[in-house]
Amino acid sequence: MTRSILFVGVGKMGLPMARHLHAGGHAVSVFDIAPARMALAAEAGLTVVPDVAPSLAVAPIVFSSLPDDAALEVVARQVANHVQPGTVWIETSTVSLEASRDAAAKATARRIACLRAPVSGNATMAERAALSVFVSGDAAAYASVKDLFTLWGPSQLYLGTAEEARVAKLAVNLLIAGTSTMLAEALAFGERAGLERQALWDVITASAVASPIVKAKAPLLRADDYTPTFTVRQMLKDVGLIRQAAAACGVASPVTDVAAHALEAALANGAGGEDYAVVIREARGQRPK
């Protein structure tokens, strides 16, 4: 069944996600505040709309993929002002629990079903349709659109009726940030203690700690290539959200705090636009040549 979809925010994650919906046979219109992203969407065969308000008023399904809380606040107001009751709004961003609750409340007051559906994976995985989707919100709304999530990857997990999906995304990113920080310390220790770097990588990737993310990043990291899949600045934003949420729950976050300090040091040394795993290079006290 062909669905009519409006997708708001076609950045590095949103554009491939919208393209997969289009490739799945759906009528996808897109809006982004950046003209360059709109041009890329048009090149990909998507219908671009110059003004989001009229499209919000007629779309039965709205997706959004946004960079931060401030952008979500803007879109939530637009949804509340223009979207018709009965519409399903699927919000995929990584944002704070507070911003998510506020956005959902605005939608619910207008009888709009708000599904929180953050995705786990980077832009390369989005291109390959290899994302995991965490979903929470109205169960009936989830059942009505679950087939759309399968176009993004093999894993869709429905977790509850409120902010559970946001919590899951932050928990996963906590583990990712902590993994890079532990790798940095382990590699610095191993090399200083006499192991050759490539041999040390062989040990790590053959060991019990070789998680999928370690194996996926190992080829580039072996070569000290920190071409970004997710930048230091982006990870620092997420780490800030994790610390904020943990504090609100009364949970200590020593691992997250250490990861934050490592990322802040990398940012201070001019590596904010490099991959977050650049903390590995920083731990060795090296700088780009």
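The values are calculated or read from the model by the stated rules, or taken from the named source; none is laboratory data. Note that the structure is predicted; figures quoted are calculated from it, not measured. Please note: Cβ atoms are built from the backbone with ideal geometry, for glycine as well, and neighbour counts cover all protein chains shown.
Overview of results
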{"read-out": "The range 244-259, residues that are more than 30 Å from GLU191 (Cα to Cα) and either under 17 Å from the mean Cα position of the chain (by Cα) or surrounded by fewer than 16 Cβ atoms within 10 Å (Cβ to Cβ) (or both)", "value": "GLN244, ALA245, ALA247, ALA248, CYS249, GLY250, VAL251, ALA252"}
{"read-out": "Filter pass, VAL83 being surrounded by 21 or more Cβ atoms within 10 Å (Cβ to Cβ) and over 23 Å from the mean Cα position of the chain (by Cα)", "value": "yes"}
{"read-out": "Some residue of the range 126-140 being over 15 Å from THR92 (Cα atoms), surrounded by 19 or more Cβ atoms within 10 Å (Cβ to Cβ) and among the hydrophobic types (A, V, I, L, M, F, W, C)", "value": "no"}
{"read-out": "Condition met for ARG116 (within 24 Å of GLN234 (Cβ to Cβ) and either among the small types (Gly, Ala, Ser) or crowded, with 18+ Cβ neighbours inside 10 Å (or both))", "value": "yes"}
{"read-out": "Residue within the range 150-166 that is modelled with pLDDT of 95 or more and of a type in the set (Lys, Arg) present", "value": "yes"}
{"read-out": "Meets criteria (assigned to a loop (DSSP other than H, G, I, E, B) and at pLDDT below 95) for PRO85", "value": "no"}
{"read-out": "Test for GLU163: is it surrounded by 18 or more Cβ atoms within 10 Å (Cβ to Cβ), among the acidic types (Asp, Glu) and under 17 Å from the mean Cα position of the chain (by Cα)", "value": "yes"}
{"read-out": "Set ALA223, ALA266, ALA262: member being under 26 Å from MET125 (Cβ atoms), surrounded by 14 or more Cβ atoms within 10 Å (Cβ to Cβ) and free of Cβ contacts under 8 Å to residues at least 60 places away in the same chain", "value": "ALA266"}
{"read-out": "Single residue of ALA218, ALA188 found to be surrounded by 15 or more Cβ atoms within 10 Å (Cβ to Cβ), in the same structural domain as VAL239 (by TED's automatic domain parsing) and farther than 28 Å from GLY11 by Cα", "value": "ALA188"}
{"read-out": "Test set (1) surrounded by 14 or more Cβ atoms within 10 Å (Cβ to Cβ); (2) without any contact (Cβ under 8 Å) to a residue 40 or more places away in the chain; (3) among the basic types (Lys, Arg) - ARG77 fails condition number", "value": "(1)"}
{"read-out": "Unmet requirement for PRO219, which otherwise passes all of (1) in a helix (DSSP H, G or I); (2) more than 20 Å from the chain's Cα centre (by Cα); (3) under 24 Å from ASP69 (Cα atoms); (4) not β-branched (Val, Ile, Thr)", "value": "(3)"}
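Yes/no per residue for (1) in a helix (DSSP H, G or I); (2) farther than 15 Å from ASN173 by Cα; (3) touching a His at 6+ places or on another chain (Cβ under 9 Å):
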{"residue": "VAL251", "(1), (2), (3)": "no, yes, no"}
{"residue": "ASP257", "(1), (2), (3)": "yes, no, no"}
{"residue": "ALA260", "(1), (2), (3)": "yes, no, no"}
{"residue": "LEU263", "(1), (2), (3)": "yes, no, no"}
{"residue": "GLY270", "(1), (2), (3)": "no, yes, no"}
{"residue": "GLY273", "(1), (2), (3)": "no, yes, no"}
{"residue": "VAL279", "(1), (2), (3)": "yes, yes, no"}
